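Following: one structure in structure tokens, then a few remarks.
Nothing in this text is a laboratory measurement; each read-out follows from the coordinates by a stated rule. Model, not experiment: these values are computed from the prediction.
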Amino acid sequence: MSPRSPRYGAARTISKLGLGSRTQGAQWVKQGLVRINGRIVTDPEFPVSHGDRVTVDGRESPQPRLVIMLNKPRGLVTTTRDEQGRDTVYRCFAGADLPWLAPVGRLDKASEGLLLFSNDPAWAARVTHSSTGPDKTYHVQIDRLPSAALTANLARGANVDGELLRAKTIRCLRSGQKNSWLEITLDEGRNRQIRRLLGGFDVAVLRLIRVCIGDLQLGQLPKGGWRALTLREIESLAPATR
């Protein structure tokens, strides 16, 4: 598997892995205390790739953070194991040499599109938290042509099952004779939020596709396809707290 991540210098990598500051890392490298994949390096700018084994004076780096983006097909359940025996999203990773990965948020069985997985629970919590997580954008096909009143109501929100549900932004992408596609952006993640919000106005969802999380776009990733995020993409979704 190729993580497609950029290379950083050894000193900067030491800082990103939490083993020390960038200045300390440079000093340790010059002192011959740093090994990359078992080899001593003395250049602070020695290129290190995602997945390389880094040790400082015998201390090994923690398991590198890995984040995968998947174009989830419709009909798969977002869980590691389903008690009803239904196909799960992990079917898409069959045969891949991957470490343990957990879903970062979820998409329901009928929904499709951009879904993240990570081996770092703390990072995942920042992405999914309502106050720190990035906005999420969806393309939604509905069973009618949208009116100005409907879009205004969706932005204003509706009280559904005791929860105030609303969209941050909403616009019409295109319309046919009997149905249309909306682009809906949410700044919080509640269970089946879009379906419940639209249902509050008697609007049925025909298809629901998540196309963006923050600046990360689904793009041309094929249905059922996946790839690892670069370090820059990972940090853009949830910047380091230190």
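Descriptive notes on the structure:
- Gain on full stretching of the segment that runs from ARG156 to ASN179 - 0.36 nm per residue minus C-alpha separation: 6.1 nm
- Value of [θ]222 nm, deg cm²/dmol, for the chain, DSSP H segments ≥ 4, -39500 (n - 2.57) each, nearest 500: -5000 deg cm²/dmol
- Of the complete DSSP H runs in the chain, none spans 30 angstrom or more by Cα along the long axis with a mean Kyte-Doolittle score not below 1.0.
- Distance from the Cα centroid of segment 110-155 to that of segment 170-235 is 6 Å (rounded to whole angstrom).
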